[in-house]
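Just so it is clear, none of the values below were taken in a lab; they were calculated from the coordinates. Quantities reported herein were computed from a predicted structural model and do not represent experimental measurements. Virtual Cβ from ideal backbone geometry, glycine too; neighbours counted across all protein chains shown.
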Amino acid sequence: MLPELFHIGPIPIRSYGLMLAISFLLGIWYIWYVSRRDGKPFDRFLTIAYIMVIGGLVGARLAYVLLHLSEFSGHWTDVFNPFHSGTFGIAGMNLYGGILLAIIGAAVYCLLTGMSILDVFDYFAPTVGIDLIFTRIGCFMNGCCFGTPCNLPWAVKFPPGSIPYSVFGGQTLHPSQLYSSLYGVLLFVILHFMLRNRRFFGQVVAVYFMVEAFFRFIIEYVRYYENAMIIPLGPIHPTFNQIVSVLLFMLGLAIYLVQRGRLPKSEALA
């Protein structure tokens, strides 16, 4: 665990922030590569990337705040204020909130510019894998998004003073962050090769939605969540992310079935 790497003057350089920046730069490079390979307008794709990053950060933060309103009662400026309690930075993000706002922002841009929403989303889907690879390593170094207790050979301990230690003490935990990082590698490889051989617009992003939904639903069983993230539904108590996962899977399946019934790639993408 290494939440702070070094300081530039009074400003700490945090491991999560660095990993987030690396994932963004590699994602941009990937979009540049595939857009050049396939003759796509990189300048527009770059604009969409900025929209997605800004929308993703704002959406992730807002979703976290909405699910943890009691934390901000009486000091609402902390929602986006990076200077508080003698530290610099903003802690608390929700992945699906970020994805939702990023999708909305990119879709609006595509509509305004006449670009195919599903075609664009196909190109950006593999970058989610890149993001997960690095940001989840950042989570592991930061000590957030941690797992539940287990006795597996690869279980990990977090030091005193960390958030995991404050919840579970010295117990060994699932390295849920590293599970997600490894999943990111697999997700990127699958979607990258699928993009090159897709048969119709929307195929790649539809598969991403379904695979992501399945993985996220399962990983929730070995990841710790506070009560605010648990949504009681009668006899079952899924997490907020599991509910979103079900909806995401249905969306991906609908896109796949509808688009598969249309013209093959040789005609539709000519």
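Once amide H atoms are built 1.01 Å from N in the peptide plane, which residues 5 or more positions from GLY147, or in another chain, come under 5 Å H to H?
Counting only residues 5 or more places away or on other chains, the set is HIS174, SER176, GLN177, TYR224.
At q = 0.10, 0.12 Å⁻¹, work out log10 I(q)/I(0) for the chain with the Debye formula, treating every Cα as an identical point scatterer and leaving solvent out; two decimals please.
One equal scatterer on each Cα of the chain leads to -0.56, -0.80.
Gap in Å between the Cα centre of the range 131-166 and the Cα centre of the range 200-265?
24 Å
Taking amide hydrogens as modeled 1.01 Å from N in the peptide plane, which residues meet the under 5 Å criterion relative to GLU4, leaving out close sequence neighbours?
HN-HN under 5 Å from GLU4: SER15.
TRP32 versus TYR225, label points 7 Å from Cα toward the beta carbon: distance in nm?
If labels sit at TRP32 and TYR225, their model points lie 3.8 nm apart.
How far apart, in nm, are two points set 7 Å out from the Cα along the Cα-to-Cβ line at LEU25 and at LEU257?
4.4 nm
Which value in deg cm²/dmol, rounded to the nearest 500, describes the helix-derived mean residue ellipticity at 222 nm for the chain, given -39,500 (n - 2.57) per DSSP H run of n ≥ 4 and division by the residue count?
Calculated from helices alone, the mean residue ellipticity at 222 nm is -21000 deg cm²/dmol.
Taking just the alpha carbons, could you work out the radius of gyration and Dmax for the range 129-256, both in angstroms?
In Å, with Rg to one decimal and Dmax whole: 16.5, 52.
Gain in length, VAL58 to LEU233, computed as 0.36 nm per residue apart minus the alpha-carbon separation, to one decimal in nm?
Working it through step by step, the gained length comes to 60.2 nm.
Relative to the longest principal axis of the chain, what angle (0 to 90°, nearest 10) does the C-alpha long axis of helix 95-113 take?
That works out to roughly 30 degrees.
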